[in-house]
Amino acid sequence: MTTEITSKLEQTETLLNCINEALLEKKAENILQLEVSAISSITDYFIICHAGSDTQVKALASNVVQKVNEDLEERPVRREGMDTRRWVTIDYGNIIVHIFLAELRKYYQLEKMWSDAIITEITD
């Protein structure tokens, strides 16, 4: 493996860990990390979780953006859903974070749509 590829993989792993830590800090529920690089050209990873209220959805999303910015000096390419706080997406290019209200996550079932992905459950 070339040094450039190794460095990119290490950066991705560091970003994944930072995002997951931020979600765990604010008590995100059922955090799943889906490696979709082999089955999608959209991104390499999805991180999917849910919250019990729209207030918690906002807190989770804000904490992810703040922690990644403070720890890694990275900003998302795009954020969607902060106004409604029902389904927030935070796009870091190679990682897209999905934070749902519980009932919307159940309705959309992204995990089933991407069931061919390598899925890792994130816990404390």
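Computed from the coordinates by the stated procedures, all read-outs in this text should not be read as laboratory data. Keep in mind that this is a model prediction, so the values were computed, not measured. Positions of Cβ are backbone-derived with ideal geometry, glycine not excepted, and every protein chain shown enters the neighbour counts.
Being touching a residue at least 24 places away in the same chain (Cβ under 8 Å) and either touching a Gly at 6+ places or on another chain (Cβ under 7 Å) or of a type in the set (A, V, I, L, M, F, W, C) (or both) is a condition met by at least one residue of segment 79-86. Among the residues of segment 87-124, those identified as charged (D, E, K, R) and within 22 Å of Lys26 (Cβ to Cβ) are Asp91, Glu103, Arg105, Lys106, Glu111, Glu121, Asp124. Whether a residue is closer than 21 Å to Tyr108 by Cβ and among the charged types (D, E, K, R) was assessed, and Glu80 passes this test.
Scanning segment 102-121 for residues that are within 15 Å of Ala51 (Cα to Cα) and under 14 Å from the mean Cα position of the chain (by Cα) yields a single hit, Arg105. The set of residues in segment 46-90 that are outside any helix (DSSP H, G or I) and among the hydroxyl-bearing types (Ser, Thr, Tyr) comprises Ser53, Thr84, Thr89. Need pairs with beta-carbon distance below 7 Å; first residue in contact (Cβ under 8 Å) with a residue 40 or more places away in the chain and within segment 17-40, second of a type in the set (Phe, Trp, Tyr) and surrounded by fewer than 20 Cβ atoms within 10 Å (Cβ to Cβ); sequence gap 6+ or separate chains. Every condition considered, the pairs that remain are Leu34/Trp114; Val36/Trp114.
Mind listing whichever residues of segment 27-62 are surrounded by fewer than 14 Cβ atoms within 10 Å (Cβ to Cβ) and either hydroxyl-bearing (Ser, Thr, Tyr) or at positive phi (or both)? Lys27, Ser41, Ser53, Thr55, listed by residue number. Scanning segment 66-101 for residues that are crowded, with 17+ Cβ neighbours inside 10 Å and over 18 Å from Glu13 (Cα atoms) yields Gly81, Arg85, Trp87, Val88, Thr89, Ile99, Phe100, Leu101. All of (1) within 15 Å of the chain's Cα centre (by Cα); (2) assigned to a loop (DSSP other than H, G, I, E, B); (3) touching a residue at least 40 places away in the same chain (Cβ under 8 Å) hold for Asp124 with one exception: (1).
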